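Accompanying notes for the structure given below.
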């Protein structure tokens, strides 16, 4: 069964653009998730920019692990980051996302395709707004679901508690990781969030 699944995944990836075929050489991104993210990028091509980057968030992984991936679509290189999820997505605070929601007041992380919008300075410093492209994340801007840094995503918090803290649905980095992310990922880039 595993071999059949792998063959199907390779077939799906073979249908991707030529520059995307070497993306998963390191095995960092699950092949099925990569295929779905590439499909979302094609579907939302008119709502995003061709920035040469694709951001994939794999919330099937524990918050202690790297689970946000910036894919360079030209070179195939993948840069991995740790990222916190929403408290409403992990009610028992075990480090795993249990559910997605786009409901106002849910404090949960939304699912699906989003586009990275403008930078701004807020209560967490330099941040990035997100606009939902799918029905599962259409309220992201209204809910103030953004990308920012916070103390509960810092390495010392992880060392102390064995997991990252939780946001109100936002994607949260350490300060150093946010700086690297901002330098690498332009406005207009598609982000695909799933598990």
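Remarks
- log₁₀ of I(q)/I(0) at q = 0.14, 0.18 Å⁻¹ - the stretch 60-147, Debye sum with one point per alpha carbon: -0.55, -0.91
- Cβ crowding within 10 Å ranks 92, 177 as 92, 177, fewest other Cβ atoms first.
- Percent RCO, i.e. relative contact order, over the stretch 62-156, from Cα pairs under 8 Å lying at least 6 residues apart: 19 percent
- Each of 58, 94 was scored by other Cβ atoms within 10 Å of its Cβ. Arranged with the fewest first, they read 94, 58.
- Degrees between helix 175-184 axis and first principal axis of the chain (Cα, 0 to 90, nearest 10): 40 degrees
- The chain: mean projected area of Cα convex hull, nm²: 10.8 nm²
- Full extension of the chain between residue 50 and residue 176 yields a length gain of 42.8 nm, computed as 0.36 nm times the residue separation minus the alpha carbon distance.
- Packing-based exposure ordering (other Cβ within 10 Å, fewest first) of 47, 118: 118, 47
All of the numbers you see were taken from the coordinates with simple rules; none came from a lab. What you are looking at is a predicted structure, and each value in this text was computed from that prediction instead of being measured. Don't worry about glycine lacking a Cβ; one is built from the backbone with ideal geometry, like all the others, and counts go over all protein chains shown.
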